[in-house]
Amino acid sequence: MTEFKPLEAPAKDIQDLPLMHPGRPVGRDAVLKEIYTHLQSQRPVLLYGASGNGKTALAAALAAAFVQQAGGVIWLNVRTHPLSALLAQIGRALDIEDVKASDQPAAHVGAVSTALTQQKPFIVLDNVEDALAPQQFIDKAADNIPLVMISETELEGPWETVHVDVLADTDSLVLFKQKSGIQGSDSDIDIYGLTKLLDYRPLPLVLAARGMVAAKQAPADYLKNLKAVNEQSGDVTLSAIALSYRSLNNALQGLILMLGATFRGEASLDFLAQVSGVPESGIQQAMNILAQLYLVEKFTCYGKDYYRMPTKVHAFARSALQGKNQLGTLQQKVHDTTLEYALDHIDDPKFLAKELSNFIATAQWASDNADRDTASQLADTLTEADDFIDEHGYTYEALVLRNIAGGNQAFPAYADIEPVVDDESDDGYYDYDDDEEYDDDESFSDLYEQFTDTAAMQAAPGIDVFDDDFDDFDDDYELDESILDDEDESTFEAPDLGDLNIIEGMDSQALRTDQLSGIDVDQLRQALAQAKQQNDVPRITQIYKAIGKVQVGQDKDTEAITTYNELLEVYEAESNTEGVLDTLNMLGSLLIKTGNSQAAVMHATQGVQAAKDANDSATELQMHMILGEARQDLGETQSAVDSFKKALEIARNTGDRQHEALILYNLGNAHLDNGSTDDAIHSLEQARELFKDQVKRDYEGRVLGALGSANADLEQWSEAIGYYRSALYIAREVDDKEDESLQLSNLAQAQEQSGKVGEALQSYRQALHLAFESENRAEIVSAIVDLVRLLLISPVHLDIADMLLKDAMNRDPEDKDVLNLFQQVSVKRQEVMGAGKTQKPVNGTAQQYAANAYELI
């Protein structure tokens with residue numbers, strides 16, 4: 001068998017590190033010495049700071065010092081690993097057989113500890129987002145091992161923390177001139193302007209320096225252009241990326257977009273060649289340019305060039321593809337190629353290992369798009385590969401794929417990776433010569449011009465750069481705009497009762513009410529009666545599920561509860577654990593939605609125990625979430641907090657970032673209800689960061705609103721107003737009228753409490769307008785009550801208050817709040833009329849009064 005070395009194996013040469021060869025970080029000598037001192041004392045170190053500040057460059061510099069030690073360097077890009085995922089990689093790295101062969105690596109943590117103590121590698125955990133797994137890893141296995149973690153946020157744990165800040169202004173000047181090749185001081189004033197605009201952050205500095213060279217511009221001109229772009233984006237890193245991208249010809253832009261369509265923003269040379277149809281030589285030449293521009297990182301993996309985008313470059317490329325309506329089409333192409341690639345290389349473990357993270361990312365993408373078959377196909381391919389899983393230690397990853405195929409989330413060991421910044425300056429931790437080719441800045445200009453000034457490129461942009469094969473590659477970016485996802489235009493036909501496969505297919509579709517309105521439940525019940533007479537249990541359960549789905553789709557939730565209760569009895573009689581859990585999950589959600597909280601507690605409690613017995617962590621998480629919501633509805637706030645905490649623990653242990661964010665949001669609200677405001681703010685801030693990373697603007701807005709409420713509880717009105725305004729902005733951005741109305745009411749109350757009566761009046765009026773738009777009687781009456789209570793402060797608004805209350809009484813003549821306010825207004829009107837107070841004129845109706853305020857937005 002061909003000798004196989006896992007990707008995680010300790011690097012014993014600087015060329016073996018899975019990142020661009022480290023340079024010497026400018027202006028970081030003091031920080032390097034501080035970190036090195038901690039490591040010599042066998043203290044783990046957390047490097048934290050904003051993205052682009054050069055944290056990874058510092059770790060790379062340290063790795064260059066440790067790489068020649070006996071234990072070498074293990075460099076892992078982890079994001080939020082569960083402990084098991086981290087141990088699986090360490091097990092492969094150190095060739096620990098018990099760990100490699102286990103689908104529960106945590107059971108062999110002692111073996112990992114022993115191997116680490118014996119071999120003593122230097123470990124780097126890059127892109128850490130959560131402290132739990134690293135803390136467990138250090139406590140149980142790596143308490144005496146030199147270890148560096150890299151994170152954007154300060155995490156609490158058994159480590160020394162080192163904040164990596166921006167560069168000093170003078171060091172920023174040195175770095176920019178170094179990367180742009182500028183000599184002398186003639187342009188220093190303009191370069192200082194550039195470095196200041198770029199916030200003295202290393203990554204934007206090197207992107208801009210190289211982008212300026214590529215654009216063949218002077219610092220003064222580039223500064224002017226960068227200012228113009230930054231006024232639009234407001235993000236200096238994205239601005240530098242955008243300007244650099246604009247300097248590229250069509251062929252180079254095409255490669256950026258193709259790599260951006262991959263699910264992790266990274267791939268090997270041969271994979272890119274297969275997905276694009278471009279010869280490897282052409283891709284290699286182009287990628288050399290992009291690496292010199294710092295738009296991609298280039299390193300070697302099993303003898304093949306491997307390319308990785310910095311996180312923000314990947315985000316930029318995806319955004320560009322979305323703007324062209326091409327992202328989905330290209331991602332599907334990447335998906336299809338991935339399946340082909342896995343089959344093509346089934347006999348070569350190196351090729352499978354090289355792209356394994358991309359296999360898992362592809363499977364997760366497919367699962368997120370209702371395709372679990374992809375995960376099954378990839379798992380089957382790896383299983384069929386000779387001894388790949390068992391002998392080479394990929395049991396855990398095979399389990400990940402099986403979990404995805406079963407509907408569970410992938411562990412986030414396979415997420416996007418952050419950039420390595422290739423900075424340079426003198427330090428005392430290197431023992432390689434300055435002449436070695438770890439940075440080829442001097443050749444950059446010549447290389448760029450050689451590539452971009454070819455006769456073919458001058459003849460027409462983007463043509464024949466990679467020989468004739470490029471024509472097909474370039475066409476991928478000239479998509480017809482009609483090639484769009486037309487799911488919303490599809491129609492749903494009523495199921496043929498003679499072919500229940502159609503009904504079963506409904507379970508995999510996101511059906512809308514209009515699609516279900518034409519389905520006759522009575523016909524389905526006739527089919528159900530026939531199936532019961534024949535005692536055809538699979539057919540019975542299939543029809544029950546179809547009836548329940550139709551009822552939910554038609555907003556007949558109470559009837560659906562009855563249906564799912566009947567289905568639950570069938571599954572329990574058959575001892576069908578999977579069916580029981582699925583049905584309990586659905587029942588719990590419906591009971592919460594319809595306000596049957598006590599019944600939801602009963603079913604969810606049953607579901608928790610059943611899920612534990614079945615070792616089904618995903619369903620157990622859902623049951624705890626339902627319990628939390630139900631207990632919160634019942635006013636059992638501490639029990640709600642406890643349930644959400646249990647769900648949060650499961651989400652973090654399984655790496656379920658999607659649910660983690662939602663649970664933290666719910667937990668924050670439960671803490672608020674329980675009077676634990678500080679705990680609420682802590683949970684909500686964590687939820688906010690996760691929702692931002694997931695680009696879930698609607699939930700981000702709701703979290704901001706909850707943070708406003710938390711600050712309101714603390715009577716910090718200015719802070720509350722700021723949060724409510726941000727939440728209101730997002731609600732309008734995502735066109736969520738319900739949340740907009742809520743945030744307007746909250747904002748008005750905070751403004752009123754802070755003495756900003758005029759602003760509060762406008763906010764209450766705008767909230768009333770949205771209530772009228774919703775045509776919800778209760779919301780209109782409630783909004784009028786809030787508004788009138790404020791108007792009572794002023795003796796000149798009583799006629800308007802009277803007009804509003806009469807509108808409310810027409811809608812609900814028995815509302816006690818309305819009647820009490822109407823009596824108060826009547827008394828006050830008599831008083832002010834006797835005093836000769838002039839009233840504000842009443843122009844139009846209550847609805848027009850509200851609409852006039854909303855038009856001022």
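Restricting to segment 300-313, what's the tally of residues that are part of a strand (DSSP E or B) and within 19 Å of S281 (Cβ to Cβ)? Don't jump to the end; show me each part of the working.
Here is the first cut: in segment 300-313, the residues part of a strand (DSSP E or B) are 300-301, 304-308.
Among the residues that remain, those that are also within 19 Å of S281 (Cβ to Cβ) are: 300-301, 304-307.
Going through segment 300-313 one residue at a time, the tally reaches 6.
Cβ contacts < 6 Å: first residue within 23 Å of G755 (Cβ to Cβ), restricted to segment 782-810; second residue among the aliphatic types (A, V, I, L, M) and surrounded by fewer than 20 Cβ atoms within 10 Å (Cβ to Cβ), any location; separation 6+ or different chain. Result?
P795/V832; I800/V842
Which of the residues that make up segment 684-695 are out of contact with any Lys or Arg (no Cβ under 9 Å at 6 or more places or on another chain), crowded, with 18+ Cβ neighbours inside 10 Å and farther than 22 Å from L747 by Cα?
Hit for segment 684-695 is Q686, nothing else.
Residues that are part of a helix (DSSP H, G or I) and either modelled with pLDDT under 90 or over 28 Å from L243 (Cβ atoms) (or both): does segment 325-332 have at least one?
Yes: one or more hits.
What do you reckon, is G254 in contact with an Asp or Glu (Cβ under 9 Å, 6 or more places away or on another chain), over 17 Å from K312 (Cβ atoms), open to solvent by 10 Å² or more (accessible area, probe 1.4 Å) and touching a residue at least 40 places away in the same chain (Cβ under 8 Å)?
Values: in contact with an Asp or Glu (Cβ under 9 Å, 6 or more places away or on another chain): yes; over 17 Å from K312 (Cβ atoms): yes; open to solvent by 10 Å² or more (accessible area, probe 1.4 Å): no; touching a residue at least 40 places away in the same chain (Cβ under 8 Å): yes.
For G254, the condition - in contact with an Asp or Glu (Cβ under 9 Å, 6 or more places away or on another chain), over 17 Å from K312 (Cβ atoms), open to solvent by 10 Å² or more (accessible area, probe 1.4 Å) and touching a residue at least 40 places away in the same chain (Cβ under 8 Å) - is not met.
For residues in segment 770-789 being open to solvent by 30 Å² or more (accessible area, probe 1.4 Å) and assigned to a helix (DSSP H, G or I), which is nearest to Q847 (Cα to Cα)?
E773
Are any residues in segment 710-720 within 27 Å of the chain's Cα centre (by Cα) and open to solvent by less than 50 Å² (accessible area, probe 1.4 Å), and if so, which ones?
Within segment 710-720, A710, N711, A720 meet the criteria.
Hey, among D390, D336, which residue is open to solvent by 60 Å² or more (accessible area, probe 1.4 Å), part of a helix (DSSP H, G or I), out of contact with any strand residue (DSSP E or B) (no Cβ under 9 Å at 6 or more places or on another chain) and modelled with pLDDT of 90 or more?
D336
Being among the hydroxyl-bearing types (S, T, Y), at pLDDT below 90, farther than 21 Å from Q632 by Cα and out of contact with any Ser or Thr (no Cβ under 9 Å at 6 or more places or on another chain) narrows it down to one residue among S517, S597; which is it? Reasoning before the result, please.
Details: S597 fails: farther than 21 Å from Q632 by Cα.
Answer to the check: S517.
Within segment 524-570, can you find the residues that are acidic (D, E) and in contact with a helix residue (DSSP H, G or I) (Cβ under 7 Å, 6 or more places away or on another chain)?
Passing the criteria: D555, D557, E559, E566.
For the subset of segment 122-163 comprising residues that are open to solvent by 40 Å² or more (accessible area, probe 1.4 Å) and either assigned to a helix (DSSP H, G or I) or hydroxyl-bearing (S, T, Y) (or both), which member is nearest to V31 (Cα to Cα)?
Applying the filter and picking the extreme gives T161.
Tell me whether segment 586-608 contains one or more residues that are touching a Phe, Trp or Tyr at 6+ places or on another chain (Cβ under 6 Å) and touching a residue at least 12 places away in the same chain (Cβ under 8 Å).
yes
In segment 358-386, which residue that is outside any helix (DSSP H, G or I) and open to solvent by 20 Å² or more (accessible area, probe 1.4 Å) is farthest from L259 (Cα to Cα)? Don't jump to the end; show me each part of the working.
As a first pass, look at segment 358-386 and keep what is outside any helix (DSSP H, G or I): 369-372, 385-386.
So of that shortlist, the ones also open to solvent by 20 Å² or more (accessible area, probe 1.4 Å) come out as 369-372, 386.
On the way: N369: 20, A370: 24, D371: 22, R372: 24, D386: 30 Å.
By that ranking, first place goes to D386.
List the helices (runs of 4 or more DSSP H) inside segment 164-248, counting only whole elements, that have at least 3 residues being more than 30 Å from M258 (Cα to Cα) and open to solvent by less than 60 Å² (accessible area, probe 1.4 Å).
169-180, 188-197
Restricting to segment 643-666, name every residue that is acidic (D, E) and either closer than 20 Å to K593 by Cα or without any contact (Cβ under 8 Å) to a residue 12 or more places away in the chain (or both).
E649
Working only within segment 829-855, note down all residues that are touching a helix residue (DSSP H, G or I) at 6+ places or on another chain (Cβ under 7 Å) and open to solvent by 80 Å² or more (accessible area, probe 1.4 Å).
Answer for segment 829-855, where residues must be touching a helix residue (DSSP H, G or I) at 6+ places or on another chain (Cβ under 7 Å) and open to solvent by 80 Å² or more (accessible area, probe 1.4 Å): K840, Q847.
Look through segment 817-842, keep the residues that are small (G, A, S) and either assigned to a helix (DSSP H, G or I) or modelled with pLDDT of 85 or more (or both), and return whichever of them is farthest from the chain's Cα centre (by Cα).
G834
List the number of the failed condition for G701; all other conditions in (1) farther than 26 Å from E759 by Cα; (2) surrounded by 21 or more Cβ atoms within 10 Å (Cβ to Cβ) hold.
(1)
Cβ-Cβ below 8 Å, separation at least six or inter-chain, first residue in segment 36-63 and at pLDDT below 90 and among the aromatic types (F, W, Y), second in a helix (DSSP H, G or I) and open to solvent by 10 Å² or more (accessible area, probe 1.4 Å): which pairs?
Y36/A65
Within segment 270-281, take every residue that is open to solvent by 10 Å² or more (accessible area, probe 1.4 Å) and assigned to a helix (DSSP H, G or I) and give me the one that is nearest to T337 (Cα to Cα).
So, considering only residues that are open to solvent by 10 Å² or more (accessible area, probe 1.4 Å) and assigned to a helix (DSSP H, G or I), the one nearest to T337 (Cα to Cα) is Q274.
The values are calculated or read from the model by the stated rules, or taken from the named source; none is laboratory data. Everything numeric here is computed off the predicted structure, so don't read it as measured data. Using ideal geometry, Cβ is built from the backbone for each residue, glycine included, and neighbour counts are taken over all protein chains shown. Heads up: the accessible areas ignore ligands, DNA and RNA and are worked out on the full protein's heavy atoms, side chains in. Shrake-Rupley method; radii C 1.70, N 1.55, O 1.52, S 1.80 Å.
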